[in-house]
Amino acid sequence: MASVPRKPRIVIIGSGFGGLAAVKGLKGADAEVILIDRSNHHLFQPLLYQVATAALSPADIATATRALLRRQGNVSVVLAEAIGVDPSRRIVQTADGRDVAYDYLVLATGAAYSFFGKDEFAEHAQVLKSLGDALSIRHRLLTCFELAEQSADPAEIERLLTFVVVGAGPTGVEMAGTIAELARSSLKSDFRHIDPRSARIILCEAGPRVLGAYPERLSSYALAALGSLGVDVRLGQMVEVIDADGLVLGGTRIEAGNVIWCAGTQARPAAHWLAAEAARNGSVMVEPDCSIPGRPEIFAIGDVASCRDPASGKPLPGLAPVAKQQGYYVARVLSARLAGRPTPAPFRYRDFGTMAVIGRSRAVADFGWFRCTGFLAWLAWSLVHLMLLVDFRSRLSVYVNWSWAWFTYGRGARLLTMPVASAMRGQGRPPEKG
């Protein structure tokens, strides 16, 4: 009896925006698709800071990967951490010792945090890249208020109620603004011995303005909006030291209960795995079709790829829409190859705009042809983010939480689920190595 030919195997590493888009784009492909990820869920990272600040619960922004793909019969999900690739043997190596063979490989491994060579900062600064990170920040934020309530030392209370956010990009601005609202609105009546409204929220940035990638008018609006929330913005100042009790910023010592690092990222080590040319942030240099030079069977998308816009010649930004569009594009390329059809034209990113929220009814939106601020931008931001959530349950849950918060200033995810000592024992974690 003649053996049945094996279907081509496409291995995709990473279930973020790019990886999930590639999987879904291959729904009708005559191929075996294997999705490898070290977590069992797809995470909507743009709202991760709202989990960190007790506005949403983890289940609101994360959905089990298997549940999302249960109706896609050509996909298998493998819960494992990829630690290397052997291009000559066409295998992916995993931390548990398994080798996963591939005919085509899509790297969508994303980015990790970067301390710009100051890896010692990682011991005490918290980062925001995963649900675990968000919950750790939330525990520490809420614990600082609880410990301040119990303290009789004014200096210690001031330290506990000082929160420093490093980096004034969209994540840093959103984080600082939301912590300010948490302290000044949601918690203002919850304590008897301290006034949460006395909390200091400091946002520091080495550059000359907040939201440096945005037009100057929107940057100026964001700075004013942060000021109206009581956020102390420090521009043009470098972080020199971060330790267990605070940091040194621009030569000045600041005692702080929490330091949150939102200043930089670096690509995960796919370039190292492949011995491929990498950009300054470690991302893999790719061809116009998102393939690796000299390796047409391997693709890189999202934050792990350095892909230039053919019009401007500049690298595309590390944004979710870029990763999603690249994922669907690579799926079309692979489908065309499998079917023997002509290869699609080189990838071209369609920029639908960028947005950042500063707080309740405060946001900025840049759609290129139209820019707006305030309530209109906040409304656009809210609608877009609701629609981008991957399932109806998440959209409904987030909508209910946001509506309740709008009318009551309340936050429904303020539970502490670990002992106080555990929440305060070291802020950071070892940096990831490339």
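If I filter segment 57-71 down to residues being polar (S, T, N, Q) and not in a strand (DSSP E or B), which single residue comes out as modelled with the highest pLDDT? Even if it seems obvious, please write down each step before you answer.
The first filter runs over segment 57-71 and keeps only residues polar (S, T, N, Q), leaving 57, 63, 65.
Still in the running and not in a strand (DSSP E or B): 57, 65.
Details: S57: 86, T65: 94.
Looking at the filtered set, the residue picked out is T65.
Which of the residues spanning segment 280-294 are touching a strand residue (DSSP E or B) at 6+ places or on another chain (Cβ under 6 Å) and either under 14 Å from T343 (Cα atoms) or among the aliphatic types (A, V, I, L, M) (or both)?
Our first condition is that a residue be touching a strand residue (DSSP E or B) at 6+ places or on another chain (Cβ under 6 Å); within segment 280-294, this holds for 281-286, 290-292.
Of everything in segment 280-294, those that are touching a strand residue (DSSP E or B) at 6+ places or on another chain (Cβ under 6 Å) and either under 14 Å from T343 (Cα atoms) or among the aliphatic types (A, V, I, L, M) (or both) turn out to be V284, M285, V286, C290, S291, I292.
Testing G97 on (1) modelled with pLDDT of 95 or more; (2) at positive phi, one condition comes back false. Which one is that?
Here G97 clears every test but (1).
So K24 fits all but one of (1) under 26 Å from R98 (Cβ atoms); (2) touching a helix residue (DSSP H, G or I) at 6+ places or on another chain (Cβ under 7 Å); (3) assigned to a helix (DSSP H, G or I); what number is the exception?
So K24 meets the others, but not (2).
Conditions: (1) in contact with a helix residue (DSSP H, G or I) (Cβ under 8 Å, 6 or more places away or on another chain); (2) in the same structural domain as K27 (by TED's automatic domain parsing); (3) free of Cβ contacts under 8 Å to residues at least 24 places away in the same chain; (4) over 16 Å from Y104 (Cβ atoms). K314 meets all but one. Number of the miss?
(1)
Would you confirm whether any residue within segment 293-307 is in a helix (DSSP H, G or I) and charged (D, E, K, R)? Explain how you work it out, then say what you get.
Going through segment 293-307, the residues in a helix (DSSP H, G or I) turn out to be 302-304.
From the residues that got through so far, the ones that are charged (D, E, K, R) too are 303.
Yes - at least one qualifying residue is present in segment 293-307.
Would you call L182 surrounded by 19 or more Cβ atoms within 10 Å (Cβ to Cβ) and assigned to a helix (DSSP H, G or I)?
Values: surrounded by 19 or more Cβ atoms within 10 Å (Cβ to Cβ): yes; assigned to a helix (DSSP H, G or I): yes.
Here the answer is yes, as L182 does meet what is asked.
Could you tell me how many of the residues in segment 79-96 are in contact (Cβ under 8 Å) with a residue 24 or more places away in the chain and within 22 Å of the chain's Cα centre (by Cα)?
The total comes to 4.
Identify the single condition in (1) at pLDDT below 95; (2) in contact with a helix residue (DSSP H, G or I) (Cβ under 7 Å, 6 or more places away or on another chain) that Y328 does not satisfy, given that it satisfies every other one.
(1)
Quick one: which of A54, A134 is of a type in the set (A, V, I, L, M) and assigned to a loop (DSSP other than H, G, I, E, B)? I'd like the intermediate steps shown before the answer.
Details: A134 fails: assigned to a loop (DSSP other than H, G, I, E, B).
None of the other options fit; the residue is A54.
Which pairs have Cβ atoms under 6 Å, sit 6 or more apart or on different chains, and link a residue in segment 103-125 that is closer than 22 Å to I83 by Cα to one that is assigned to a loop (DSSP other than H, G, I, E, B) and among the β-branched types (V, I, T)?
A108/I301; Y113/V127
Which residues, taken from segment 187-214, are under 23 Å from T373 (Cβ atoms) and surrounded by fewer than 22 Cβ atoms within 10 Å (Cβ to Cβ)?
The answer is G207, P208, R209, G212, A213.
Take R159 and decide whether it is in contact (Cβ under 8 Å) with a residue 12 or more places away in the chain, under 26 Å from A267 (Cα atoms) and assigned to a helix (DSSP H, G or I). If you could, list the steps in order and put the result at the bottom.
On the way: in contact (Cβ under 8 Å) with a residue 12 or more places away in the chain: yes; under 26 Å from A267 (Cα atoms): no; assigned to a helix (DSSP H, G or I): yes.
Considered against the rule, which asks whether it is in contact (Cβ under 8 Å) with a residue 12 or more places away in the chain, under 26 Å from A267 (Cα atoms) and assigned to a helix (DSSP H, G or I), R159 comes out as no.
Somewhere in segment 215-225, is a residue part of a loop (DSSP other than H, G, I, E, B) and either surrounded by 23 or more Cβ atoms within 10 Å (Cβ to Cβ) or assigned by TED's automatic domain parsing to the domain that holds I157 (or both)?
Taking segment 215-225 as the starting set, the residues that turn out to be part of a loop (DSSP other than H, G, I, E, B) are 215.
In the following step, the residues that additionally are either surrounded by 23 or more Cβ atoms within 10 Å (Cβ to Cβ) or assigned by TED's automatic domain parsing to the domain that holds I157 (or both) were identified as 215.
Yes; the residues of segment 215-225 include at least one that is part of a loop (DSSP other than H, G, I, E, B) and either surrounded by 23 or more Cβ atoms within 10 Å (Cβ to Cβ) or assigned by TED's automatic domain parsing to the domain that holds I157 (or both).
Checking M355 against (1) surrounded by fewer than 21 Cβ atoms within 10 Å (Cβ to Cβ); (2) at pLDDT 90 or above; (3) of a type outside the set (V, I, T); (4) under 30 Å from W378 (Cβ atoms), which test does it fail?
(1)
Can you tell me which residue within segment 245-262, out of those that are touching an Asp or Glu at 6+ places or on another chain (Cβ under 8 Å) and assigned to a loop (DSSP other than H, G, I, E, B), is modelled with the highest pLDDT?
Selected residue: A256.
Quick one: which strands (runs of 3 or more DSSP E) lie wholly within segment 310-386 and hold at least 1 residues that are on the phi < 0 side of the Ramachandran plot and acidic (D, E)?
Numbers: elements: 354-359, 362-366, 371-373.
The strands (runs of 3 or more DSSP E) meeting that bar are 362-366.
Can you find a residue that is surrounded by fewer than 19 Cβ atoms within 10 Å (Cβ to Cβ) and either touching a strand residue (DSSP E or B) at 6+ places or on another chain (Cβ under 9 Å) or more than 27 Å from I292 (Cβ to Cβ) (or both) anywhere in segment 42-56?
Within segment 42-56, not a single residue is surrounded by fewer than 19 Cβ atoms within 10 Å (Cβ to Cβ) and either touching a strand residue (DSSP E or B) at 6+ places or on another chain (Cβ under 9 Å) or more than 27 Å from I292 (Cβ to Cβ) (or both).
Of the residues L388, L396, only one is in the same structural domain as V165 (by TED's automatic domain parsing), closer than 29 Å to K314 by Cα and at pLDDT below 80; which? Before you say what the answer is, go through the steps one by one.
Working: L396 fails: closer than 29 Å to K314 by Cα.
One residue alone meets the criteria, L388.
The values are calculated or read from the model by the stated rules, or taken from the named source; none is laboratory data. It should be emphasised that the depicted structure is a prediction, and the values quoted were computed from it without experimental measurement. Cβ: placed from backbone, ideal geometry, glycine included. Neighbour counts: every protein chain shown.
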